[in-house]
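Step one of this worksheet: look at the structure below.
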Amino acid sequence: MSGIDPILGSHHQVLQSIRQREIRQSTDKITSGNRFASDIGQDSAALRLSTRLEAQKKISQATTGNLQNAYQLIQYQTNILRYAERTITRMNELAYQASDIITSSVDRRHLNSEFKAHVEVLKDILYDRTFDKVMFDPLQSDNIASLDVSGASGGPDVDIMNIDDFGSLGGEIQLWWESLQARDRIRIYQGDRWFFDSGEYASDVDLNGDGLANIPGTEYRMNDGTTKTNADGTQSPVWGDKFTMTFQPGQMEVVADSDNTGNANEYMKLADTDGDGYGDLFLSMETLEGYPRYRAPLGDSSNLRITVNEAGAEDILRESSTAWNYFLKIDKDYIEGPTVTKNEFGDNFTMDTVGFSTLEAYDLESTSNAANAMTATTNELESLKTQLGFLAKTFSELRFNKERIEVKSMNYANSHGVITDSDMASEATKLARNLLVQEATNNALIHSRVSARNVYKLIM
């Protein structure tokens, strides 16, 4: 039996429940530091605003990280160009010494040996992929001229044409390939990796079903009016099936003209019965699939190589009567640098590549060669100074954007904190008050129950 009025007892229980809930809320807010930790329904407008500020803060932080990465890449480019500048400065000194008419041939050989060693160093740093990004393009050098490639023609033997120091890692190649009725193979390499393989290709095939291959001059042959200059200075039309290749490091696209007449669907399997290295006995027709083939170049070299009748996976014997010709038109193009987010609105910033010539086309073997090398290295140093100035400007712009975004991120964080952070002093006072009242109420309840029990004993 209790000496407390039932109504007062019920009111006491309600107050105790409220105080207990307030104690739990204050404890949650103090431990988490977040005013919405215990009850997200107490201020929905503030919660919506804080959620938006939190999202903006995360975007700003991500943008800051992107700009920091770009900042590092620009610094990396600058360091590489400065190293190249020191190397080419030394090469210029070597060329100056070698161009002196009193320099002996023995001394010139030593100078040339060091010069070529520096060329290899320039090649190593130009194609470096430390950050797994293509940051350097030799075409950025002011001293690399455009390239024209003449046609070639031949027979069944392997033919190789090297284009040393193509001067670019990307561009467009237009190939006119005519292997006549016998099948031949053409491959185009960048460095040691092929990126176009025609397969065992025949340009003149039986289109009208009469059992005869169509030959140049008929309506089935392709001629888009392109002309080439022959060795004797005369002009002649370019015949053959046309393929247009657009390539960059890690990217490759090939478009075959719609009026191409050839294919690499099959080839004749032959045997060499007379031991001359050419096939002369027909064995069977073999089917091929997936040609012409292509794959993206790695962008690790500025050298191109064109091979004809190099052994492919089929390793076939060729007829001694095979004949072919090709013509290449090569346009260089700048490669694209990496893209980063430059602001909180999602706008992108594409970092420009920089670069320099590896100067591998030059040597110091003679006085005249040394003079040419001295001119080339001098021009290359001027190009590097221009690019370093451009990098300094880009560096400053990135730093300004990064600092601006960091300030905005800090403002977002402060505004978010004002809305969401608990008032620790207020919550601690509130918690202490509720704990004190709860303890006093519990003690009063206990004493009231003890007094009621003593009165009951006296009456009984």
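The values are calculated or read from the model by the stated rules, or taken from the named source; none is laboratory data. Only a predicted model underlies this, so the values are computations on that prediction, with no experimental measurement involved. Here Cβ is always computed from backbone atoms with ideal geometry, including for glycine, and neighbour counts include all displayed protein chains.
Summary table below
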item: Tyr294 vs. criteria of a type in the set (Phe, Trp, Tyr) and either buried (at least 19 other Cβ atoms within 10 Å of the Cβ) or out of contact with any Lys or Arg (no Cβ under 9 Å at 6 or more places or on another chain) (or both); result: yes
item: Count of the stretch 236-267 residues which are of a type in the set (D, E, K, R) and in a loop (DSSP other than H, G, I, E, B); result: 2
item: Within the stretch 77-111, considering residues that are touching a helix residue (DSSP H, G or I) at 6+ places or on another chain (Cβ under 8 Å), in a helix (DSSP H, G or I) and among the hydroxyl-bearing types (Ser, Thr, Tyr), the one farthest from Lys123 (Cα to Cα); result: Tyr96
item: Selection status of Thr273, under 16 Å from Ser320 (Cβ atoms), modelled with pLDDT of 80 or more and in contact with a strand residue (DSSP E or B) (Cβ under 7 Å, 6 or more places away or on another chain); result: yes
item: Residues (assigned to a helix (DSSP H, G or I) and closer than 23 Å to Ser302 by Cα) located in the stretch 348-369; result: Asn369
item: Selected residue [outside the structural domain of Leu359 (by TED's automatic domain parsing), crowded, with 16+ Cβ neighbours inside 10 Å, more than 33 Å from the chain's Cα centre (by Cα) and at negative phi] from Met285, Met268; result: Met268
item: Selected residue (criterion: farthest from Arg293 (Cα to Cα)) from residues of the stretch 155-211 that are of a type in the set (S, T, N, Q) and modelled with pLDDT under 75; result: Asn208
item: Hits in the stretch 276-302 - residues which are under 23 Å from Asn325 (Cβ atoms) and part of a loop (DSSP other than H, G, I, E, B); result: Gly277, Tyr278, Gly279, Leu288, Tyr291, Pro292
